[in-house]
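Step one of this worksheet: look at the structure below.
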Amino acid sequence: MISLVLVLVVVISGVNSVVVLVAVSDYDVPGHITVTVDPATLFSELQESPAPLPEFYSIDDYESEVDYELDIVDADNTDSLRETFHTLASLFRKNSYLIVGEKAETPDVLGAANISYALAWGGCQENPESRTDTLLTSEEHDKGNLIVVGGPAVNEIAVELGRLLRITYEYNINESFKINAESKSIYLDLEKYPQEDICLVYLREFRGRNILMVWGYGWQGTLAGSIFVANPDTWKDYEDCRMVLLRWKDLNEDGLIQESEIAVEESL
């Protein structure tokens, strides 16, 4: 007998919104399977966890990747635009939305402000509108250029776009956290957190609009990513790149996120 077991657990606790999906299929299973869960134990353990549980997706959950041509009719003094950091300000020059999670911590908002300032410095025609993941309208979601600050634990738009853009993470409770994007990855030993954190900065053109995602394991990584994006000098240093994976280390042990403490480990 071929049986399919699908367990979906959704947990919302504090600033964390967690989804765990486990699927087992195509196995000959005699008799039946009994699963016993103690809700009190389950929830008490999850509430002590500082980060989201991993999300597992099968390849069938993803829509096939399609390369869409960027609409450059209104481009400023250029015949074409590519989604690289060199063209960041032009890509978000109008109809753009900065999105933080409704449940995000305050540093995510500070990070969004950093990015907004940098875009203005770069010559954006319009200031990006500010939204939370719950306030973004359907039309803005479907047609706007989106700047997503904060990761899947606190930002539902990060969850959705992570699926579509095939960004995944691997979380071993109290042990490690790893971000995977395209052919690159970055690893964090959780014994070093919060004195060390990691972050993804990812720029893509997707279905006729531009997407920028900035998120780390914790708020420290996210804020470090926004500081990286907010410095136009980095647009030049990585002008041909559309993604970086960076690491922040609190070298002077003051608990603050400083640009000199941020290092890029992978770029694409």
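Coordinate-derived values only; no laboratory data. Because the structure is predicted, anything quoted here is derived from the model rather than measured. Don't worry about glycine lacking a Cβ; one is built from the backbone with ideal geometry, like all the others, and counts go over all protein chains shown.
Things to note:
- Take the Cα of Thr84, step 7 Å toward its Cβ, do the same at Thr106, and the gap between the two points is 4.0 nm.
- For q = 0.09, 0.13, 0.16, 0.17 Å⁻¹, Debye-computed log10 I/I(0) when each Cα of the range 66-267 counts as one equal scatterer: -0.30, -0.64, -1.00, -1.13
- Shape summary of the range 118-215, radius of gyration then Dmax from alpha carbon positions: 15.0, 45 Å.
- Residues of type lysines that Lys192 reaches as a straight line, Cα spacing below 18 Å, ignoring anything fewer than 8 places off in the same chain: Lys178, Lys249
- Cα shape, the range 150-268, gyration tensor, a/c 1.5 rule: oblate
- Think of the range 66-267 as a dipole: +1 on every Lys or Arg Cβ, -1 on every Asp or Glu Cβ, centred on the Cα centre; then among Ile147, Thr222, Pro194, Ile147 lies furthest on the positive end.
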